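Asks: One structure follows; several queries about it will come next.
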Amino acid sequence: MFSPPFSTPHDYLDHLAQRGFAVLDAAAVRVLSGASAAGLAALMPDWDRLAPDEYLKDGGRYRWRRHASFIARDGALCDVPYRPHWQPLDYNALHGGMERWFQPVEPATLACADWRALAGWLARVVTALRGEPVWYGEVHQFRIDTADGIGRPTPEGAHRDGVDLVAVFLVGRHDIKGGETRVFELDGPNGQRFTLEEPWSVLLMDDERVIHESTPIQPAHPDAVGRRDTLVVTLRAGGFLDPGA
């Protein structure tokens with residue numbers, strides 16, 4: 001496995017602007033967001049209560065998830081009434097073009113001060129990157145497991161999300177091999193591959209400049225059922241992706 005090319009709290013914004021992505025370890029995430037180690041650890045049992053993804057077109061049963069939306073404005077977060085997740089086919093050729101009504105993120109999770117600290121920090125990051133004052137955010141809790149032998153974190157392959165900023169937090173990985181993160185220039189030959197292993201480390205991406213994917217996971221041992229848990233947060237200027245837009 002390749003180690004992530006970690007940035008520091010002092011240079012990550014420069015790296016994000018220069019190369020389109022930055023990776024931070026958990027200590028840097030806590031320093032920058034104000035979230036606490038204990039508070040983030042208290043969120044992790046939420047991943048044991050995710051609901052199955054009923055929309056997988058490959059017929060798989062390896063993905064569990066919840067979804068929520070929010071608006072960040074002038075340093076404040078406003079939760080949005082429950083709405084579907086939608087992407088155009090241009091960004092998701094496999095699952096785009098349809099409204100996906102995933103189970104909502106639990107209210108206690110959205111009310112957690114440490115979650116709100118993470119979301120507020122990400123809004124400040126994308127404001128520094130783009131300069132816009134209002135951001136439309138979506139929250140995705142994912143669990144990929146190996147109950148059927150293989151799990152695919154990104155069954156759609158290398159892709160963009162159609163937003164401005166994508167943040168992928170590694171929440172945990174247990175009894176698996178694979179799950180390598182790959183980030184490529186959108187219009188060039190350069191790319192990076194590495195494996196996030198530390199809980200609450202994060203990959204930040206300028207979605208207009210890079211594409212990304214995660215490789216499939218397999219059980220680390222023949223009798224194991226492994227899993228990889230992530231929190232993905234996206235922020236977009238101008239409104240949510242909407243089939244009526």
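The values are calculated or read from the model by the stated rules, or taken from the named source; none is laboratory data. Remember, it's a predicted structure, so these values are computed and weren't measured experimentally. Note that each Cβ is placed from the backbone with ideal geometry, even for glycine, and that neighbours are counted across all protein chains shown. Ligands, DNA and RNA are stripped out before the accessible areas are found, and what is left, the full protein with its side chains, is counted by its heavy atoms. Shrake-Rupley method; radii C 1.70, N 1.55, O 1.52, S 1.80 Å.
Asks: Measure off, as a whole percent, the carbon and sulfur share of the 1.4 Å-probe accessible area of the stretch 154-245, all protein chains present. Provide the component values of the computation, followed by the final result.
Replies: Working: 1580 of 3680 Å².
Roughly 43 percent, rounded to a whole number.
Asks: Gaussian network model of the chain, Cα springs within a sub-10 Å range: biggest mean-square fluctuation belongs to which of 191, 59, 226?
Replies: 59
Asks: Over the stretch 145-245, average the accessible area per residue using a 1.4 Å probe and give it in Å², no decimals.
Replies: Accessible area per residue, the stretch 145-245: 40 Å².
Asks: Using the alpha-carbon centroid of each, what span in Å lies between the stretch 13-70 and the stretch 109-129?
Replies: The distance from the Cα centre of the stretch 13-70 to that of the stretch 109-129 comes to 12 Å.
Asks: What net charge is computed for the residues neighbouring residue 186, neighbours being all others with C-beta under 11 Å from the C-beta of residue 186, Lys and Arg scored +1, Asp and Glu -1?
Replies: -3
Asks: I'd like the carbon and sulfur percentage of the solvent accessible area for the stretch 7-78, probe radius 1.4 Å, heavy atoms only, ligands and nucleic acids excluded.
Replies: 54
Asks: Just need the relative contact order of the chain here, percent rounded to a whole number, with Cα pairs under 8 Å and 6+ apart.
Replies: So the answer I get is 26 percent.
Asks: May I pose another question? Can you give the extra length, in nm with one decimal, that the chain gains between residue 78 and residue 242 once fully stretched, where that is 0.36 nm per residue apart less the Cα-Cα distance?
Replies: Contour length minus Cα-Cα distance gives 57.2 nm.
Asks: Which residue, 107, 153, 199, has the most motion in a Gaussian network model of the chain that connects Cα atoms within less than 10 Å?
Replies: 107
Asks: Using 0.36 nm per residue, how much length does the chain from residue 11 to residue 128 gain when fully extended, once their Cα-Cα distance is taken away?
Replies: Extra length available between residue 11 and residue 128 comes to 40.8 nm.
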